[in-house]
Amino acid sequence: MSIIRMSRMRALTAALAATLVLAACGSSGSTPDTTMPAVTHRIVSLSPTATEMLYAIGAGDQVVAVDSLSTYPTEVADKVTKMSAYEPSVEAIIGYTPDVVLISNDMNKITEQLQSISSQKITVWTGAAAATLDDVYKQITELGALTGHDKDASTLIESMKSRIAKATEKVSAPMSAQSYFYELDNTLYSVTSNTFVGALLKPFGFTNIADGVEVGNDYPQLNAEAIVKANPSVVFLADTKCCATNTAEVAKRPGWAGIDAVKNGHVVELDDDVASRWGPRVVDLVEQFAAAIAAASK
């Protein structure tokens, strides 16, 4: 997310707690707040995930502006603005005269503000953080219908399903004796199996050492000693951008050189953006998980 650790943790506590945790409780999916136009030609996206979905289904030419974090794919570069995905300015949004605005949550009641201030009819589509892959497919389908790219959306979904099936086809019986640690940032926040990322990893059978660390919290902060004691077989680093964390740095942490994942070369450096979004690139994440688990299982 942010390249500054404190900003990242503010984003985690706000966005993950208010959005991802809600998703895990069954509120994920997408919600159109007004009637959708047949085809949309002016879209403002305040969701990096939705932005990726739009471009993946060929609807990028309908996008007029995106938030500051929507930097993928490269084709969106000239549409990136200073608008915040978390605290967007209604005035800034209206300045682009959109007919649809895409958001991932409505924490600051942006929908209500747009409807009360704007004189033009604006549809607000909310694509909450996914709890399952079906949620991902549902959002892609809806954006396909919204933009007139139904067939492209269907093609994308089938491609994603095919790649995920191939990546997981060799998954054997659960190996509970082996475990993993998923690092969100260098203060050792993690995710449990109840999260979207945890659900993606669950089929591979490795135990998540963050499970049960803090009852009721699916984004617990672990301590270094506990991680060393748990001795994970694989360590996933989802903080390579925000915190410049890498395999070499992890190996230098006190006691970590003796962890199986470090000793055996199974520390996996992930792309923060791919790891924190639920768009088309989630397939890349699953494939990286599969490769890492397979290597650690040998």
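Every number here is computed from the coordinates shown, using simple stated rules; none is lab data. Remember, it's a predicted structure, so these values are computed and weren't measured experimentally. Neighbour counts run over all protein chains shown; Cβ positions are idealised from the backbone, glycine included.
See the values below:
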| read-out | value |
| --- | --- |
| For the stretch 179-297, the Rg and Dmax computed from alpha carbons only, in angstrom | 12.9, 37 |
| Restricting the stretch 145-250 to GluC sites (Glu not before Pro) in coil, as DSSP defines it, with at most 11 other Cβ within 10 Å | GLU169 |
| Estimated translational D of the stretch 51-171 in µm²/s (Stokes, Kirkwood radius over Cα pairs; 4 °C; 1.567 mPa s) | 83 µm²/s |
| Nearby aspartates and glutamates by direct alpha-carbon distance to LYS229 (threshold 18 angstrom, same-chain neighbours under 8 apart not counted) | GLU183, ASP211, GLU214, ASP260 |
| Where only alpha carbons of the stretch 141-247 are counted, the Rg and the Dmax (Å) | 17.2, 53 |
| Flagged links, alpha-carbon separation over 24 Å, of LYS170/LYS298; LYS109/LYS202; LYS79/LYS161; LYS82/LYS241 | LYS109/LYS202; LYS79/LYS161 |
